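Let me begin by presenting the structure, written as structure tokens, before commenting on it.
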Amino acid sequence: MDLPEEAFGFDKWKEVAQHFVDMEQERPDQVKVVQFAHLNADPKGVVADLFRFCGLIFGVPTVDFIEQSRSKEGSDANSIYRNVRDDVAWKERLPKHIADTTLAEVGAGPLSRFLV
């Protein structure tokens with residue numbers, strides 16, 4: 001990683017991701033970590049599971065929202081509207097040395113589940 005902010009951002013991601021993994025292990029009845037790849041692949045199933053975990057009703061309005069949010073592409077980077085696509089673009093968008101470093105540092109450890 002050539003720029004300090006690149007390494008800092010990655011280090012912060014590792015720190016926060018590990019914190020959530022630890023919380024999930026310490027309080028499995030209160031914390032559920034969801035992998036974006038799973039949410040992206042099966043949004044209705046994953047969200048229904050999250051609703052059950054939280055004791056909420058998974059109903060028609062939520063299903064409609066999920067379907068609408070995946071039916072078109074928003075123009076804003078933070079838009080909730082995203083056409084269905086695989087979550088592997090980061091491997092192609094990031095400079096190779098950063099992607100390689102990310103994969104090497106995460107390795108087969110507990111954070112590897114977040115890298116598809």
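Computed from the coordinates by the stated procedures, all read-outs in this text should not be read as laboratory data. In this text the structure is predicted, and so the values were computed from the model without any measurement. Neighbour counts run over all protein chains shown; Cβ positions are idealised from the backbone, glycine included.
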Percentage relative contact order, the chain, counting C-alpha pairs under 8 Å, at least six apart | 27
Net charge near Ala48, counting Lys/Arg +1 and Asp/Glu -1 over other residues with Cβ under 14 Å of its Cβ?
-> -1
Checking the stretch 70-116 for chymotrypsin sites (Phe, Trp or Tyr not before Pro) in a loop per DSSP with at most 14 other beta-carbon atoms within 10 Å yields Tyr81
Go ahead and estimate [θ] at 222 nm for the chain from helices alone: -39,500 (n - 2.57) per DSSP H run with n ≥ 4, summed, over the residue count, rounded to 500.
-> -17500 deg cm²/dmol
Plugging the Kirkwood radius over Cα pairs into Stokes-Einstein for the chain, at a temperature of 25 °C and a viscosity of 0.890 mPa s, what D comes out in µm²/s?
-> 149
Dipole of the chain, positive end: most advanced residue of Pro95, Leu115, Gly55 [Cβ charges, Cα centre] = Gly55
Surrounding net charge for Phe20, when Lys and Arg each add one and Asp and Glu each subtract one, Cβ distance under 14 Å = +1
